[in-house]
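To keep things clear, I will list the structure first and then write my remarks on it.
The values are calculated or read from the model by the stated rules, or taken from the named source; none is laboratory data. A quick note: this is a predicted structure, and the numbers were derived from the prediction, not measured. Cβ placement follows ideal geometry from the backbone for every residue including glycine, while neighbour counts extend to all protein chains displayed.
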Amino acid sequence: MQTGMPTIGGVTLAFFTGLAVGVVFSLVKLPSPVPPFLGLIGLIGMFLGQRLLPLLAHLFARP
C-alpha cells in the first residue's frame, strides 16, 4: 500500500547512504555537491508546502 509518506527504513537508508557518500567525497577531497544552506531551507519549504495543501483539503472537506 503506497501512502506517499516515507517509511522509517527509507529515511534511515537515505541518511546512511548520504553519510557514506559524504565520507567518500571527503576521502578523495571532492567538494560537496550539496546546495547552500538557504537552498536546503527552500527545499524543506517546498516539501512542506506540497504536503500542506492535501492536508488542508482533507481537514476542511465537507463530510
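Does any residue of the stretch 29-49 turn out to be among the hydroxyl-bearing types (Ser, Thr, Tyr) and loosely packed, with under 10 Cβ neighbours inside 10 Å?
Restricting attention to the stretch 29-49, the residues satisfying the condition of being among the hydroxyl-bearing types (Ser, Thr, Tyr) are 32.
Restricting the remaining residues to those that are loosely packed, with under 10 Cβ neighbours inside 10 Å gives 32.
Yes, that holds for at least one residue.
Against the condition aromatic (Phe, Trp, Tyr) and exposed (fewer than 10 other Cβ atoms within 10 Å of the Cβ), how does Phe60 come out, does it pass? Explain how you work it out, then say what you get.
On the way: aromatic (Phe, Trp, Tyr): yes; exposed (fewer than 10 other Cβ atoms within 10 Å of the Cβ): yes.
Taking the combined requirement at face value, the residue satisfies it.
Can you tell me which residues in the stretch 2-50 are at positive phi and at pLDDT below 85? Full working, then the answer.
Quick first cut of the stretch 2-50, residues at positive phi only: 4, 29.
Across the stretch 2-50, the qualifying residue is only Gly4.
I'd like to know if the stretch 2-11 contains one or more residues that are assigned to a helix (DSSP H, G or I) and surrounded by 10 or more Cβ atoms within 10 Å (Cβ to Cβ). I'd like the intermediate steps shown before the answer.
First, pick out the residues of the stretch 2-11 that are assigned to a helix (DSSP H, G or I): 8-11.
Narrowing the set further to residues that are surrounded by 10 or more Cβ atoms within 10 Å (Cβ to Cβ) leaves 10-11.
Yes.
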